[in-house]
Amino acid sequence: MKLVKKYADSLRDVVFPVTCACCGLSTTGKNRYICYWCETKRFQEASGYDTGILPEQVRFVYSMWQFDKGGYLQDLLHNLKYNFLREVGVELGRLLGRRLDENLDNYLTGQIRENEPVLIPVPLHKSKLKKRGYNQAEALAAGISEMTRWEILGQEHVIRQKKTKTQTGLNSGQRAENLRDAFLLKSPESVQGRFPIIVDDVFTTGTTTFELARTICKNRELSTGIVTVAQA
Ligand SMILES: [Zn+2]
């Protein structure tokens, strides 16, 4: 069966050659959209976070790579957002899910491990979703779910009810105000007794993901984790 799959994969690569979304070189095997070299060598591992700065609802933030302003990763994440590269997003999610799976013991300890994790991609406002055609955080979550088998709670459970302005140029107080009550958890029972893990492309100041965590945990004895491709 494995041989058949390998043969089918090689045939597919001949019929539909794919190139790396980062460097443009052709890819082979299970790395379809991000070549093995880019996956393992191009990016710097994220430096990690001081848990002391996190709000009480957030137990951990895990990012895969360090954001490179003006570099390949910025380009890749920009393309992911605006150029409908859903499959690239899913592959990035698989890389993220594999790393998360390997490091689970560092993050999913005690109580969290007993509460089944559930993935929540940061939702887009419906007008933005319509414009872009898809939600890149949802594609990432789909990839993570392939590796971890965790359920995804999508737009039917959590929505972005407020159209927010761009965060650029706002100070931290203005950013928090801009995002206040931006999200709505439509089915509170879906997170009851679970451990929600919020998924996004980049973690910058945390205003967006922290606000989503606040909404999910409000008046409930819950805490969350945050998982992103990049740490800015
Ligand atoms: Zn590459």
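Being of a type in the set (Lys, Arg), under 11 Å from the mean Cα position of the chain (by Cα) and modelled with pLDDT of 95 or more, is that true of even one residue in region 85-99? Yes, region 85-99 has at least one match. Among the strands (runs of 3 or more DSSP E) confined wholly to region 142-204, which include 1 or more residues that are touching a residue at least 40 places away in the same chain (Cβ under 8 Å) and of a type in the set (Phe, Trp, Tyr)? The qualifying strands (runs of 3 or more DSSP E) are 183-185, 195-203. Is one or more of the residues making up region 41-53 surrounded by 11 or more Cβ atoms within 10 Å (Cβ to Cβ) and among the β-branched types (Val, Ile, Thr)? No, because not a single residue in region 41-53 is surrounded by 11 or more Cβ atoms within 10 Å (Cβ to Cβ) and among the β-branched types (Val, Ile, Thr).
Restricting attention to region 42-72 and to residues that are touching a helix residue (DSSP H, G or I) at 6+ places or on another chain (Cβ under 8 Å) and in a helix (DSSP H, G or I), the residue that is nearest to residue 215 (Cα to Cα) turns out to be 72.
The values are calculated or read from the model by the stated rules, or taken from the named source; none is laboratory data. None of the values given here were measured: they were computed from a predicted structure. A quick note on method: Cβ atoms are made from the backbone with ideal geometry, for glycine too, and the neighbour counts reach across all protein chains shown.
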